[in-house]
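FYI, it's all coordinate maths here, none of it is from the lab. It should be emphasised that the depicted structure is a prediction, and the values quoted were computed from it without experimental measurement. Don't worry about glycine lacking a Cβ; one is built from the backbone with ideal geometry, like all the others, and counts go over all protein chains shown.
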């Protein structure tokens, strides 16, 4: 019986450890997030996923983007009001609806010393547009007919038709300017990164860290202030929480559930911003009963979005339509929409009109990987019971979930979308009949017309009206049940200064210093 | 049955084993009667009482939806027992048949069966169960099938080894010699004499099955929400471990105690049934 004694001791020790963790943990160790002994300012960040490769043209994973966006730059960029600003192009103009010319900043060099010229711009866009690159940005530039090098500092793009989102897409991180020489030397850009940005790529140790160092010859004087950034891979929320409390990292992202703990700690500051993401329920609109818009509307009316915000996001999420609030001028105030006024009687009426007085049985698919999605599914299940809809929850592992999303083999599916940086992505990409991410089988003539009009209208005010109508129509037809747009959080040591996250650029460290 | 009576008599003298028996009986009691005792519906959300600590209204506190943890733990006991009994039932039945055939006939049948079992054995339990659930789809029934398959090789080996040693004994060879039909030899003479190691294996496998179900549910592949199981409750609690530790502690405690009691019982049964220790 000796081994049982040993077992008991271990279990007892474990329980004590558990209980010990649960108390108010004020003694969370001194923050040693100061500069390293040599006086170097290295910002250490807890990254919640291992980067999936560093090629800015092909890798959409957030864990990668946050790293390569420091190394690479695009011709243009967007500011916090989603307005275009110069980056590698110091100015641009549009002689006619289908032609754009960019004048490049002079004296910009890549991290390997090569000068950045109009040839590099042409090469980069051609690389994105080439079929074999399989770039995620390829569809952004389908309308580009030719790219012409006018002079070493001037490039001319000719489009096949008017295409309003063009400049927003040029400003995308995925339209980064790369060096042809580096691509040819390495075959691809997955393991290396040579750009023109404020930080240069130093090393990537798999499952451990990625190191960036300051680019001394950066074309803007006094930027960056930091000597380097190190991204430490910490997949587990509790590992990141522990690392930020003990000062092992200077900053990290945490889920809203952990925020009260970080706030209690005097050494830490919590910063948040309204994300461009929103949670949704996708309906397979070809399957009964979801092919009837009345059923979808009934569900929209039965759902309490505030409760989703309160329980799943601890109150830090706002109701959202297809274009979330963080998209500024493009977004409409959905709280005024009829479909967002919870009304059980009306919901039951609509169900009855659709022939489902007694409700029906269905299935809610969700990804087991993301607790917020599982929680949203459970809450919806409970809310829908009130109008007689009995849903069973099916949790899938991430790969299988993506498969289900792609081939539309679901009935209701809980997910989260990012609206991107142009309303064309929020509307056309997800909801036009031939949109690349329209996996719902949704097709509406008016939405298609509006999406097309939005793409070809240059005037901002007119474009805004077009997308306003599209949003209202989508909210009414409810091909997706748009739920809420959550806040995102960064937790940092108090000694990290000059850093403010925004929706368009959550991690801009140009001016950041460690005090 | 004299056999069972003897076991019970001997258990009475074994204090540690008795703790196991009482513990197991208690878990079974909770599993069957519990749902009638639980103060709340385990899936009912009291949304104005989310993440509340233990109180008179909610003895074990509430979770992020305001569901009563006590009622959920009790409901979870039912799930654990149910999964344990059915999946071990599947594994034990398959294992008994395969082991009997394999051990009695030997030769190529034995080779075929045992090599298949070796292949199954080569995979870690959880990995094999995960794969089976991933292929069949995550729900309670498939979880039980998966665990049953995972436990089949252990039972097959145990039964086969026992059959081989019994088969060579005189009473079997003489039965065969006087012309008793093969199936009668297997059923009447071999089977009853290999029960001891088989029963021990069942008790041990029960705790293994409960643990595997907890692990699968922890990974989101077992029982689907909002129905509770100890493993899925533990998984959901991870986000709130510090703010609301009771969400984690109670299901964890029940897993530990249950596994502990089943193992105690299995351990003393093994001692009791070991012929070498017979006084």
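Once both labels are positioned 7 Å from their Cα atoms along Cα-to-Cβ, the gap between residue A:418 and residue A:459 label points is 3.4 nm. Each Cα pair under 8 Å and six or more residues apart adds its sequence gap; the mean of these over the residue count of segment A:277-487 is a relative contact order of 35 percent.
Extent along the principal axes, Cα only, for segment A:277-487: 48, 37, 33 Å, with the longest axis given first.
Every Cα-Cα pair in chain B was counted, and those over 30 Å apart are 40% of them.
If the viscosity is 0.692 mPa s and the temperature 37 °C, what translational diffusion coefficient in µm²/s does Stokes-Einstein give for segment A:126-193 when Rh comes from Kirkwood over Cα pairs? So the translational diffusion coefficient is about 247 µm²/s.
Relative contact order for chain A: 19 percent, from Cα pairs under 8 Å spaced at least 6 residues apart, divided by residue count. Eigen-decomposition of the gyration tensor built on the alpha-carbon atoms of segment B:172-258 gives equivalent ellipsoid semi-axes of 48, 12, 7 angstrom, largest listed first.
Please compute, over every Cα-Cα pair in segment B:1-153, the percentage with a separation greater than 18 angstrom.
Values: 8414 of 11628 pairs.
Value for segment B:1-153 (Cα pairs over 18 Å): 72 percent.
With a simple spin-label model that places each label point 7 Å from the Cα along the Cα-to-Cβ direction, the separation between residue A:263 and residue B:161 comes to 5.9 nm. Rounded to the nearest Å, what's the spacing between the alpha carbon centres of segment B:87-163 and segment A:207-286? Just the number, please. Their Cα centres are 46 Å away from one another.
Hey, what does the equivalent ellipsoid look like for segment A:241-282, semi-axes from the Cα gyration tensor as sqrt of 5 times each eigenvalue, largest first, whole Å?
Values: eigenvalues 123, 21, 20 Å².
Each semi-axis is the square root of five times an eigenvalue, giving 25, 10, 10 Å.
Got the relative contact order for chain B handy, in percent, Cα pairs under 8 Å and 6 or more residues apart? So the answer I get is 26 percent.
Rounded to the nearest 10 degrees, the angle from helix B:195-218 to the longest Cα principal axis of chain B is 30 degrees.
Gain on full extension, evaluated as 0.36 nm per residue between residue A:386 and residue A:446 minus their Cα-Cα distance, stands at 18.3 nm. Shown here are the Rg and Dmax of the Cα trace of segment A:394-438, at 11.8, 33 Å.
Multiplying the sequence separation of residue A:119 and residue A:235 by 0.36 nm and subtracting their Cα-Cα distance, what value in nm do you get? Could the numbers behind the result be given before it?
On the way: separation 116, 0.36 × 116 = 41.76 nm, distance 3.99 nm.
Full extension from residue A:119 to residue A:235 adds 37.8 nm.
Evaluated at q = 0.16, 0.19, 0.23 Å⁻¹, a Debye calculation over the C-alpha positions of segment A:76-186 (equal weights, vacuum) places log10 I(q)/I(0) at -0.72, -1.04, -1.52. Over segment B:34-78, the ratio between the Cα radius of gyration and 2.2 N^0.38 Å evaluates to 1.00. Roughly how tilted is helix B:107-122, in degrees to the nearest 10 and between 0 and 90, from the longest Cα axis of chain B? For B:107-122 against chain B, the angle is about 20 degrees.
Could you state the angle between the C-alpha long axis of helix B:140-167 and the longest principal axis of the C-alpha atoms of chain B, as a value from 0 to 90 degrees rounded to the nearest 10? So the inclination is approximately 30 degrees. Taking the number of Cβ atoms within 10 Å of each Cβ as an exposure proxy, the fewest-first ranking of A:77, A:246 is A:246, A:77.
Shape summary: chain A maps onto an equivalent ellipsoid whose semi-axes, from the alpha-carbon gyration tensor, are 38, 36, 19 Å in decreasing order.
The ranking of B:178, B:164, B:194 by Cβ neighbour count inside 10 Å, starting from the fewest, reads B:178, B:164, B:194. Relative to its residue count, segment A:394-494 spans a Cα convex hull of 150 Å³ per residue.
Computed with the Debye formula from one identical point scatterer per Cα of segment B:216-279, without solvent, the log10 of I(q)/I(0) at q = 0.14, 0.16, 0.18, 0.28 Å⁻¹ comes to -0.54, -0.62, -0.70, -1.10.
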